[in-house]
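Working notes, structure below.
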Amino acid sequence: MSRTFVGMPKFQVGARHALADTQLRRNLAHATRTIRAKRGAVVGEVADWEELRVKGAEAKDRVLSNLDTYLVELEARLVEAGATVHWARDAAEANGIVVDLVKATGADEVVKVKSMATVEIELNQALEAAGIAAWETDLAELIVQLGDDLPSHILVPAIHRNRAEVREIFLREMGKVGRPAPEGLTDEPPRLAEAARLHLREKFLRAKVAVSGANFAIAETGTLVVVESEGNGRMCLTLPDTLISVVGIEKLLPTWDDLGVFLQLLPRSSTGERMNPYTSMWTGRTEEDGPQDVHVVLVDNGRTNVLADVVGRQALRCIRCSACLNVCPVYERVGGKAYGSVYPGPIGAVLGPQLRGRQGKLEQSLPYASTLCGACFDVCPVRIELPDLLVHLRTRVVDDHRGGLPSAEALTMRAGAFTLSRADRLEKAQNAATGVGHLLRGRASLGRVPWPLSAWSEARDVPAPPRHTFRQWWAKREGGRG
Amino acid sequence: MSAVRVALFATCFNDTMWPSTPKAVVTLLERLGCTVEFPRAQTCCGQMFTNTGYAAEAVPLVRSFVDVFGSYDAVVVPSGSCTGSVREQHAGLARRAGDPGLEAAVEAVTPKVHELSEFLVDVLGVTDVGAYFPHRVTYHPTCHSLRMIRVGDRPLRLLRAVRGIDLVDLPAAEECCGFGGTFAMKNADVSIAMGSDKARHVRETGAEVLIAGDNSCLAHIGGLLERQRAGVRTMHLAEVLAATEEDPS
Ligand code: SF4
C-alpha cells in the first residue's frame, strides 16, 4: 500500500523492463484486444456517435473557458444542499484536508471508491502516515492494494495480473488485513469475486467514513456523479456517516442536460457497455438518508497550469474512460507503469508533463512515447487531439533546452535542417550517399551498422543507399530529352 | 482534354533512398496522360523536425515548400505521411512563426497537395490504372494515410483493379507498425516489439510482397522481415501500379 510512483525513470527504461515481462505482455494483449472489440461493437450501434463526441467536447470546452464561474456556482449549490466545500491548491493541501476531516470523526479507517484523483495525490499514503487505514473496495484496486503493487490502467488498475496471480494474492494477503480468502479458493472469476465480496462486506458494514472521487460534478445543481460497475461505490456512498469526495476542478459539467451526453459517451468508451450497472448521484446531504456529513474537496494540483496553455488545455476535457489506452499500440506492449503515474497511455503521456511540469527526465520522455499513429484521437469520446498535443509538448521539451549546450540530437537536427533547407545542399549530401551506393554495387541491404544507427539495425536490416537518387535520374532524363 | 500538369513532390526520403518510387509515379502518371514536372528546388516537408519537437527548424522548410509548389495546380506525393505533414501541420508551423504571409501561402497550397491514391481516384477519377502484377500481396494501410489524411479504401480499390494480383487481407491491418519516425530510434525497443507483431501478421498472409503507401514504414517492417530472411519483399503502391505486362517492375 505504501508504493508510490515517485522517482520513476524515463519511459524507455520502464518500457524495456515491461517488454521483457512475458506474462504482462500476454495479459495486456488479451485484455486490450477484448475491450477494444467490445467498445467497437457498442459504439458502432450509436448512429449519432460523432455528434455526441462533438457535444461532449463542446460541453467540456465551455467548462474550461468559464471554470471560475462554474466552480463558484457548484460551490454555492453544494453549500445550499448542506455539503461543506474545501479548496485545495495541491496534493499536500488536499491530503491535509482529508486527513483532518477523517481525524475529526475519530475513525481510524475509511472505505474508498475507486478514484483517480486520490491516487494522483497519493491520499492513501497520507492517510497511512496519519494512522488511518484506507481500504480500496473496487475489485481491481483491491488486487493492486493487496499485492502492494502500482496501478497500470485507469479503468482496470490490475490489468497486468491474471486470474492465477489474483488467486495467489488473495490467499496470501486477505487474512493480514481482514477476512481471509475462503479455503480452497480457485481462480474462477465468480469464486474470486465472491472472495472479494466476503472480504469487503465487513469493511463496508463497519466503516464510518468513505472517500470517493466523482466522474462528474454538475454546476447547475451541485450534484456529484459516480459511475461504476460493481456496486462497491454505492455501498461506500450510502452506508457511512461521513462522505468525503475529492474532485479535480476539471470534472465539472455545466448543466444536468449535459450529463445525458456523457452517460452515453462514458460507459461505451470505457467498459464497452451500453450502460454501466451503477450510477450514483447525490446533491449535498439528504435528511436521514445516506451520509449526514458530506464534504467535497475541490483540487487543482496543476490543473490551472494546464489551463494556461491554450493548446494543451484540451487535455482537461478527459473523462478518464481509458479508450485511448486500450487502443494504443505502445500501451498494449508496455502497460501502464512505464508512464510513471496513475495516468498512463496517450492521455498520461500528455497529462503527466502538463500536470507535473517538464523538469524531470520521465516527463521529458513521455511526449515521445508514441508513434503518433492517431488511434487514440479516433476513439476519444471528447475528441482530445492527442497526437497534436504530443507534438506540441515535444516542441516544448526541445524549446526548454534551447540556449544551453546542444545535445547530439539537437546538433543532428540542426545539421539536417541546414542540409534540407536548400536543394543544392541536399544534392551534395545525396552524392555522398550514392557514392556509398556505388561502392556497394547494388547491394540491397547493409544489414547491421555501428552506432548511432545501431539503434535501428539491432533488429532491422538497414537499406543500402541506391546508386542514383531520383533527382539524378530525372536530370539525366531531362538532359536526354533536351 | 489537355493534359493535367502535375508537380511531383518526391519527398527527400524517396528521392535519396527509394528513387524507384518517384520513378514509378512518373511512369504511372505519364501513362495516364499527365504531364509531370519535378521542381528541382524541392527538398523536404519537415515532418521529422516537426514531430521530434524541432518546430523552429521546420519553418524554413515550410517556406521553401510553398515557394516551390505554390504555382502548381496539383502536387502529387507518394507518401501519406509527408502529405499529412503538409496538409495537417504546415499551417500550425506558419502560425507559430507569426508570419501571416506564410500562413496565407500555406492555406493556398495545401488543398492542391494530394497523396498518390487520392490523386488517382479523386482527381483523375481512375481506379483501374492498367497495371499488371501477378503476385500474392498484402497491403498495410499506414497510420498517417489512414488516420491523418484519411485515404480510406482508395489504395485497396486501386490494387483490386490490378490484373493478375492476388490481394489478401492483412490481419490487424489498421494497427501501427511501430515506425513512428524518430520513435523507431528513440524508443527502439517498443518500436521493434510492435514491428515484430506486424511482421508476423504479414507472414501469416503467405504474401510474397508487402505493399504500402509509405516507404518509411516499409523500411521498418521490411528491415525486420529481411533480418528474419522471411522471403517477403516490400514495395510501394506506386511501383505496383506502374507495373505492366510489357514493363514489369
Ligand atoms: S483522453 Fe479521451 S480516450 Fe483517453 S481517457 Fe481521456 S477521455 Fe478517454
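The values are calculated or read from the model by the stated rules, or taken from the named source; none is laboratory data. What you are looking at is a predicted structure, and each value in this text was computed from that prediction instead of being measured. Cβ sites come from the backbone with ideal geometry, for glycine too, and all protein chains shown count toward neighbours. Only protein heavy atoms, including side chains, enter the accessible area calculation; ligands, DNA and RNA are left aside. Shrake-Rupley method; radii C 1.70, N 1.55, O 1.52, S 1.80 Å.
Do we find a residue being open to solvent by less than 10 Å² (accessible area, probe 1.4 Å), within 10 Å of chain A (Cβ to nearest Cβ) and in a helix (DSSP H, G or I) anywhere in the range B:3-14?
yes
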Check: All but one of (1) in a helix (DSSP H, G or I); (2) modelled with pLDDT of 95 or more hold for B:PRO134; which doesn't?
Finding: (1)
Check: Is there any pair linking a residue in the range B:34-48 that is of a type in the set (Val, Ile, Thr) to one that is modelled with pLDDT under 95 and surrounded by 23 or more Cβ atoms within 10 Å (Cβ to Cβ), with Cβ under 6 Å and at least six apart or on different chains, and which?
Finding: B:THR43/A:LEU420
Notebook entry, point to check: Can you name the number of the only condition in (1) away from the ligand (no atom under 16 Å from the Cβ); (2) touching a residue at least 60 places away in the same chain (Cβ under 8 Å) that A:PRO190 fails?
Noted result: (2)
Check: Being exposed (fewer than 15 other Cβ atoms within 10 Å of the Cβ), of a type outside the set (D, E, K, R) and within 25 Å of B:LEU61 (Cα to Cα), is that true of even one residue in the range A:440-451?
Finding: no
Next item on the list: Output the residues belonging to the range A:63-78 that are surrounded by fewer than 16 Cβ atoms within 10 Å (Cβ to Cβ) and either under 28 Å from the mean Cα position of the chain (by Cα) or free of Cβ contacts under 8 Å to residues at least 24 places away in the same chain (or both).
Entry: A:SER65, A:ASN66, A:ASP68, A:THR69, A:VAL72
Checklist line | Residue in the range B:154-166 that is over 20 Å from B:VAL25 (Cα atoms) and more than 14 Å from chain A (Cβ to nearest Cβ) present | finding: yes
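On the given criteria, is A:LEU325 within 10 Å of the ligand (Cβ to nearest atom) and modelled with pLDDT of 95 or more? First the steps, then the outcome.
Details: within 10 Å of the ligand (Cβ to nearest atom): yes; modelled with pLDDT of 95 or more: yes.
For A:LEU325, the condition - within 10 Å of the ligand (Cβ to nearest atom) and modelled with pLDDT of 95 or more - is met.
Kindly indicate which of B:ILE221, B:ILE192, B:ILE211 is open to solvent by 20 Å² or more (accessible area, probe 1.4 Å) and either within 8 Å of chain A (Cβ to nearest Cβ) or not acidic (Asp, Glu) (or both).
B:ILE192 is the lone residue from the list that is open to solvent by 20 Å² or more (accessible area, probe 1.4 Å) and either within 8 Å of chain A (Cβ to nearest Cβ) or not acidic (Asp, Glu) (or both).
Could you tell me which of the residues A:ARG425, A:ARG396, A:ARG471, A:ARG467 is part of a helix (DSSP H, G or I), facing chain B (nearest Cβ under 10 Å), open to solvent by 50 Å² or more (accessible area, probe 1.4 Å) and in contact with a Lys or Arg (Cβ under 9 Å, 6 or more places away or on another chain)? Can you show your working first?
Details: A:ARG425 fails: in contact with a Lys or Arg (Cβ under 9 Å, 6 or more places away or on another chain); A:ARG471 fails: open to solvent by 50 Å² or more (accessible area, probe 1.4 Å); A:ARG467 fails: part of a helix (DSSP H, G or I).
From the options A:ARG425, A:ARG396, A:ARG471, A:ARG467, the qualifying one is A:ARG396.
Identify all residues within the range A:185-196 that are out of contact with any helix residue (DSSP H, G or I) (no Cβ under 9 Å at 6 or more places or on another chain) and surrounded by 14 or more Cβ atoms within 10 Å (Cβ to Cβ); write none if there are none. First the steps, then the outcome.
Residues of the range A:185-196 that are out of contact with any helix residue (DSSP H, G or I) (no Cβ under 9 Å at 6 or more places or on another chain), as a first pass: A:190, A:194.
Selection gives A:GLU194 alone.
With the condition kept exactly as written, say whether any residue in the range A:443-452 is without any contact (Cβ under 8 Å) to a residue 12 or more places away in the chain and out of contact with any strand residue (DSSP E or B) (no Cβ under 8 Å at 6 or more places or on another chain). Break it down into steps so the answer makes sense when it comes.
Residues of the range A:443-452 that are without any contact (Cβ under 8 Å) to a residue 12 or more places away in the chain, as a first pass: A:450-451.
With the extra rule that they be out of contact with any strand residue (DSSP E or B) (no Cβ under 8 Å at 6 or more places or on another chain), the set shrinks to A:450-451.
Looking through the range A:443-452, at least one residue is without any contact (Cβ under 8 Å) to a residue 12 or more places away in the chain and out of contact with any strand residue (DSSP E or B) (no Cβ under 8 Å at 6 or more places or on another chain).
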Note to self: Any residue that is more than 19 Å from A:LYS55 (Cα to Cα), open to solvent by less than 10 Å² (accessible area, probe 1.4 Å), within 16 Å of the ligand (Cβ to nearest atom) and in contact with a His (Cβ under 9 Å, 6 or more places away or on another chain) - is there at least one of those in the range A:279-299?
What the structure shows: no
Check: Filtering the range A:342-365 down to residues that are assigned to a helix (DSSP H, G or I) and more than 14 Å from the ligand (Cβ to nearest atom), which residue is most open to solvent (accessible area, probe 1.4 Å)?
Finding: A:LYS361
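Residue-wise test of (1) over 17 Å from B:ASP15 (Cα atoms); (2) assigned to a helix (DSSP H, G or I).
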| position | (1), (2) |
| --- | --- |
| A:ARG402 | yes, no |
| A:THR419 | no, yes |
| A:GLN430 | no, yes |
| A:ALA433 | no, yes |
| A:VAL436 | no, yes |
| A:GLY442 | no, no |
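Quick grid of which residues meet (1) assigned to a loop (DSSP other than H, G, I, E, B); (2) under 30 Å from B:ALA131 (Cα atoms); (3) open to solvent by 30 Å² or more (accessible area, probe 1.4 Å):
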position: B:VAL25; (1), (2), (3): no, yes, no
position: B:LEU29; (1), (2), (3): no, yes, no
position: B:ALA41; (1), (2), (3): yes, no, yes
position: B:CYS44; (1), (2), (3): yes, yes, no
position: B:ASN51; (1), (2), (3): no, no, no
position: B:SER64; (1), (2), (3): no, no, no
position: B:SER71; (1), (2), (3): yes, no, yes
position: B:GLY84; (1), (2), (3): no, yes, no
